[in-house]
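To start, the structure itself, in structure tokens.
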Amino acid sequence: TFEIQREEPFTVEERRLLAHVSSSLEEFVTELSERLETRLQAALSSTLAASDDLEDAAERAVRTLRAHLRAEAVMLVIDDDARPRVLATEGRWDRFAAERHQALLREALRSEGVLHHGDALLALPVGEVKPVRYALLLRFSEAIPYPGAHRSTLLQSSRVIRPHLDGHRYAAALAELLRLHEASEDVATQELYQRVLDAAIRLVPGSESGSLLVRRHRHEPFEFRAVRGYDLERLAPHKLPVEELEVWYGPDKAGWRRGRARVARADVHDIEKLGQAASPQIAEAIGGYGRIEANLCMPVLHEGEVLAVLNLESATDAGAFGRDSVELSHLFGPTLASLLHRQHVRDLLMNAALTDELTGLKNRRAFDEALVRELARRERLGTQMSLMLMDLTGFKAVNDAHGHAAGDKALAAVADALRPVIRQTDVLSRWGGDEFAAVLIDNSASEAQETADRVREVISGLAVGGERLGIAIGVATAPDDGVDAGELLDLADERMYAEKQA
């Protein structure tokens, strides 16, 4: 705008000349703006193409914008963890206005265009693809609050910036997946599952929490192997059949079989009703399905079968997951399938090293590892845990009368008899020779004695070659009888020997 004032009225000819000046100025300013836009876009394209990572690209973008627009300060943020996080900033900002800047940026993330604030501040979303993941805040001199750049120039610049930022996020995801592949040779399976889930939550836009469910074979149920934002120990006992997860995924059977990610949002879908229809038994353990505002569910295929399910969630924004979230989550599908296969093969080899070949039970090494692990868990949770040592009676008579082949048959029969009595969550092992042992998780002394009574009953019914078998059992409970593995084993051994001598 320009303004001319005088006391006498303007003549018709003067008004015509002023209109001509106005038109000429408009053409001149438009040409300058177009030149600025061309130079700015060229500078952004050139410098961003040479950027190394997300932070470097952000720094180059704000530096270029500030120089070409003659801004006092420029800030570029990413919508991370439900709060804009600064990726890069140039110039000086009023530190006392930080909260106001956050509010302006949050507004810009949800706006369609440039927001012009009275104190020489401009805020705008970066790119047009929804949901917007980045926003810009620019401060100009209050003496010249408008730099001459048209709003379309700013929006066009943002369209140039976003693909480079997204590209670096994809590159970061691929680099992280490569590191996971390299680590899979040396990392325990459980830790690897947690690393994969944490990487997905960190790299897939909109993710705040999640879970990873895995099964080894198509006929087995899925188990929770890693969680973030939930309690794994509360969820681990729940085994979910594939039918439940198919209900949770939804009616797109083709999508399930092809490993396509499905997004459910609370403002479109009744997530609580969906969860209750699929797996009502875990509602309490996760704090209720109603807490989930958005869920991204991705089946993971290996050799045509869904062997894992990755769930990513937001508790704050129903629109948290966009097309970019789905595309990034799909990067984890093949990688996770490969990791699952590799770890499955490795686990088979490790399991063979921890399994007694004759009985199929865990061996002494596996028992010792489980005892140390469960004692640490018991101490952490303040619960109880029992161990049980068992020694067969009548076994020597079988060997002496019928030979070692009959003795091997007797040991296998004892193992088969013990399996239904000892819970699957406990650790049953062959201790060595004709001795067996069990780690009874979350079992009090009285519960352990009840288990021992059932064991005596089933073994007393066994006979090999006419020779009756029996069993002597010693039980020790932590913390009642001690908290040290050696102390508990010694006590259980004494009690087993005393029963055998009785």
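The values are calculated or read from the model by the stated rules, or taken from the named source; none is laboratory data. On a predicted model such as this, the values are computed, not experimentally measured, just so you know. All Cβ positions, even for glycine, are placed from backbone atoms using ideal geometry, and neighbour counts span all protein chains on display. For the accessible areas, the whole protein counts, side chains as well, though only heavy atoms, and no ligand, DNA or RNA atoms are used. Shrake-Rupley method; radii C 1.70, N 1.55, O 1.52, S 1.80 Å.
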Inset, instruction - Identify the residue in segment 418-447 that is over 14 Å from GLU374 (Cβ atoms) and of a type in the set (D, E, K, R) and, among all such residues, is most open to solvent (accessible area, probe 1.4 Å). - result: ARG419
Legend entry - Test: LEU115 is within 39 Å of the chain's Cα centre (by Cα), modelled with pLDDT of 85 or more and either farther than 28 Å from GLU34 by Cβ or crowded, with 20+ Cβ neighbours inside 10 Å (or both): no
Legend entry - Count - residues of segment 240-254 that are open to solvent by less than 40 Å² (accessible area, probe 1.4 Å), free of Cβ contacts under 8 Å to residues at least 12 places away in the same chain and outside any helix (DSSP H, G or I): 0
Inset, instruction - Would you point out which residue out of GLU99, GLU13, GLU7, GLU90 is out of contact with any helix residue (DSSP H, G or I) (no Cβ under 8 Å at 6 or more places or on another chain), charged (D, E, K, R) and not in a helix (DSSP H, G or I)? - result: GLU7
Inset, instruction - Kindly establish whether ARG225 is open to solvent by 40 Å² or more (accessible area, probe 1.4 Å) and in contact with a Phe, Trp or Tyr (Cβ under 7 Å, 6 or more places away or on another chain). - result: yes
Legend entry - Condition check for GLU72: surrounded by 12 or more Cβ atoms within 10 Å (Cβ to Cβ), within 31 Å of the chain's Cα centre (by Cα) and in contact (Cβ under 8 Å) with a residue 24 or more places away in the chain: no
Legend entry - Some residue of segment 176-194 being among the acidic types (Asp, Glu), farther than 16 Å from VAL309 by Cβ, in contact with a helix residue (DSSP H, G or I) (Cβ under 9 Å, 6 or more places away or on another chain) and open to solvent by less than 40 Å² (accessible area, probe 1.4 Å): yes
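Here's the yes/no breakdown for (1) open to solvent by 40 Å² or more (accessible area, probe 1.4 Å); (2) small (Gly, Ala, Ser):
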site	(1), (2)
SER23	yes, yes
GLU34	yes, no
LEU44	no, no
ASP53	yes, no
ARG60	yes, no
ARG63	yes, no
HIS68	yes, no
VAL77	no, no
Inset, instruction - Can you work out which of the residues in segment 131-153 that are of a type in the set (A, V, I, L, M) and surrounded by 23 or more Cβ atoms within 10 Å (Cβ to Cβ) is modelled with the lowest pLDDT? - result: ALA149
Inset, instruction - Collect the residues in segment 360-410 that are among the acidic types (Asp, Glu), within 19 Å of LEU462 (Cα to Cα) and either open to solvent by 20 Å² or more (accessible area, probe 1.4 Å) or within 31 Å of the chain's Cα centre (by Cα) (or both), keeping them in residue-number order. - result: ASP400, ASP408
Legend entry - Selection within segment 98-111 - loosely packed, with under 14 Cβ neighbours inside 10 Å and at pLDDT below 85: ALA98, GLU99, ARG100
Legend entry - All strands (runs of 3 or more DSSP E) inside segment 116-230 with 3 or more residues being under 30 Å from TRP93 (Cα atoms): 121-125, 134-139
Legend entry - Single unsatisfied condition, PRO237 versus (1) in a loop (DSSP other than H, G, I, E, B); (2) open to solvent by less than 70 Å² (accessible area, probe 1.4 Å); (3) closer than 23 Å to THR425 by Cβ: (2)
Inset, instruction - Please tell me if LEU32 is touching a helix residue (DSSP H, G or I) at 6+ places or on another chain (Cβ under 9 Å), modelled with pLDDT under 95 and under 21 Å from SER152 (Cβ atoms). - result: no
Inset, instruction - Could you figure out which of (1) touching a Lys or Arg at 6+ places or on another chain (Cβ under 9 Å); (2) more than 17 Å from LEU354 (Cβ to Cβ); (3) open to solvent by less than 40 Å² (accessible area, probe 1.4 Å); (4) at pLDDT 90 or above isn't true of ALA415? - result: (2)
Inset, instruction - Only residues that are of a type in the set (D, E, K, R), free of Cβ contacts under 8 Å to residues at least 24 places away in the same chain and within 16 Å of PRO334 (Cα to Cα): list them for segment 167-194, please. - result: ARG179, GLU182
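Conditions (1) at pLDDT 95 or above; (2) of a type in the set (D, E, K, R); (3) under 18 Å from GLU208 (Cβ atoms); (4) open to solvent by less than 20 Å² (accessible area, probe 1.4 Å), marked per residue:
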| position | (1), (2), (3), (4) |
| --- | --- |
| TRP256 | yes, no, no, yes |
| ALA264 | yes, no, yes, yes |
| LEU274 | yes, no, no, no |
| SER279 | yes, no, no, yes |
| GLU284 | no, yes, no, no |
| MET298 | yes, no, yes, yes |
| GLU303 | no, yes, no, no |
Inset, instruction - Tally the residues that are loosely packed, with under 15 Cβ neighbours inside 10 Å and assigned to a strand (DSSP E or B), restricting the search to segment 454-480. - result: 3
Legend entry - Residue, most open to solvent (accessible area, probe 1.4 Å), within segment 333-359, restricted to residues that are charged (D, E, K, R) and modelled with pLDDT of 75 or more: GLU357
Legend entry - Residues (outside any helix (DSSP H, G or I) and either free of Cβ contacts under 8 Å to residues at least 12 places away in the same chain or among the basic types (Lys, Arg) (or both)) located in segment 421-453: ARG423, GLN424, ARG430, GLY433
